[in-house]
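A.B. asks: Provided herewith is a single structure, encoded as structure tokens, for subsequent inquiry.
The values are calculated or read from the model by the stated rules, or taken from the named source; none is laboratory data. Here the structure is a predicted model, which is why all the values come from computation and not from measurement. Here the Cβ is made from the backbone with ideal geometry for all residues, glycine too, and neighbour counts use every protein chain on show.
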Amino acid sequence: MAIGTASSYLKLRVATFVALALHIALRAVIHQSTPFLDLYLYNGVAILAAAVAFYSPIFNDHLARLALSAAILFWAIGSTETTWNSFYSTPLWSQLSDLCYIFFYPLVLFGLIRALTAHRKFRAMELLDVIIITLGFSSLIGALFLKNAMKHFEGTPTTVFLSIVYPIGDVILLAISLIIVFVQPRAIRSALFLLGIAIFTATDLYFLYKSATTGYAFAQLSDDGWLIGIALIAEALWHHGGDAQMSEKIVSAATSFAMIFSGAILTLSALKRASIPSAALIPAIATVALAVLRLTVALQEARSASTNLELSRIDELTGLANRRRFMSEIALLGADAGTILLLDLNGFKTVNDSLGHEAGDKLLRQISLRFSRVIPHGAILARLGGDEFGVVVPGSERQGLEVAMALSSTLTYPLIIEGHEVQVGVSIGRVINDGSDELLRRADTAMYEAKRSGGGMVLWKP
């Protein structure tokens, strides 16, 4: 970052808190609401905070930066719509603020998780988890509190539902922030996130309390709590933090609970054991539907990962196990009884040079097929590269010897490659497993001794 640019961004950060302090000071003195104070200056602070988040340093996860700046901008738009309609006779779209506030919570939740954890590669499952958590807990809160809340709040069930869902979203954010702070203590970033979300949550809860009791009065000093919380969230992105390795388990657990709650709500509603408001059933249905989608995505990812793992352990030419799988099988053998065989073909180079590499590949595939037919169950045959093969044979020394002799006998009669009769042999190095780390080196030594002797089989001995 250039010095001039860094200086400009510092001015932007300072301007955000200066504008916030100015609004608090003027609000403390001027008790009457005005367009300048409550529409332009108030929402201008939120827009400045969105810019602070957007232009945060490159050490941030870019998705966290974009999600948090977008969340703050959505909140600013929603707040602007609300205050505009309070001052002017030409109202903006009345549902705009609710729509913006609804987008605010999942974006903050997603950005918070990305900003406070070690994730760098985006996974679609993360976004899906955030949506499921938001909808699932919303349906739970609606089922538990919506009917009672409608006795104290005015408006449609949807309006009342949104009024109680907002602070619940804050509580979810606060809970996740607390958990991550415990995972990575002494990080300025996590402390600022926690403080900002705590102040934002306290302001929402105070607003809910006043609305349900004495009534909420527009343009109070307490409204600046939202701005303070948002400014601290944006400022947190300018500070380094630790990596919360436990967050993935936390999110997974929260997702599971959200799906369980939604399923229970739909079951109770179907059995008519409880009267569940429709405003709670809609997010419950959406949660279950997304849970099915999440399961499908998870199964596809698991299948893809399993396929990739399998492909990484298979030789492409012959379909046998590759060197990686061979080394893994040796390690798995441990101190158990077993034999390691290394095989090198005699005469393969002559065939490869005279008939071409394509014929050489066909020869390797035919030999691999012959070898595979005599490998007993439980043993592993691998192509290690070129014309070299390896076998891990669990069991007694005699079993290992029998497999080696069977492999050698498969090449006692010729092979037909592109109309040519080809005869090759094999040199085998054999070593008995004694738990040593030098089994492969010993088998290699025995194999080259067999090759120097003109073929056959050599058992390594001290």
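A.B. asks: From the residues in the range 371-395 that are assigned to a loop (DSSP other than H, G, I, E, B) and not acidic (Asp, Glu), which one is surrounded by the most Cβ atoms within 10 Å (Cβ to Cβ)?
C.D. replies: Restricting to residues being assigned to a loop (DSSP other than H, G, I, E, B) and not acidic (Asp, Glu), the top hit is Ala379.
A.B. asks: I'm trying to understand the selection: among the residues of the range 423-436, which are at pLDDT 90 or above and either charged (D, E, K, R) or under 26 Å from Glu316 (Cβ atoms) (or both)?
C.D. replies: Across the range 423-436, the qualifying residues are Val424, Gly425, Val426, Ser427, Ile428, Gly429, Arg430.
A.B. asks: Right, next: Would you pick out the residues in the range 1-44 that are among the β-branched types (Val, Ile, Thr) and over 41 Å from the mean Cα position of the chain (by Cα)?
C.D. replies: Once the filter is applied, which keeps residues that are among the β-branched types (Val, Ile, Thr) and over 41 Å from the mean Cα position of the chain (by Cα), the range 1-44 yields Val29, Ile30, Thr34.
A.B. asks: Okay, moving on. Answer with yes or no whether Ala446 is under 23 Å from Leu363 (Cβ atoms) and surrounded by 15 or more Cβ atoms within 10 Å (Cβ to Cβ).
C.D. replies: It is false that Ala446 is under 23 Å from Leu363 (Cβ atoms) and surrounded by 15 or more Cβ atoms within 10 Å (Cβ to Cβ).
A.B. asks: Something else now. Can Val458 be described as in a strand (DSSP E or B) and under 44 Å from the mean Cα position of the chain (by Cα)?
C.D. replies: The answer is no for Val458.
A.B. asks: Take Ile132 and decide whether it is in a helix (DSSP H, G or I), at pLDDT 70 or above, assigned by TED's automatic domain parsing to the domain that holds Leu293 and surrounded by 15 or more Cβ atoms within 10 Å (Cβ to Cβ).
C.D. replies: Answer is yes for this residue.
A.B. asks: Now for a separate question. Scanning for something within 23 Å of His357 (Cβ to Cβ), touching a residue at least 24 places away in the same chain (Cβ under 8 Å) and within 49 Å of the chain's Cα centre (by Cα), does the range 399-422 turn up at least one residue?
C.D. replies: No, every residue in the range 399-422 fails to be within 23 Å of His357 (Cβ to Cβ), touching a residue at least 24 places away in the same chain (Cβ under 8 Å) and within 49 Å of the chain's Cα centre (by Cα).
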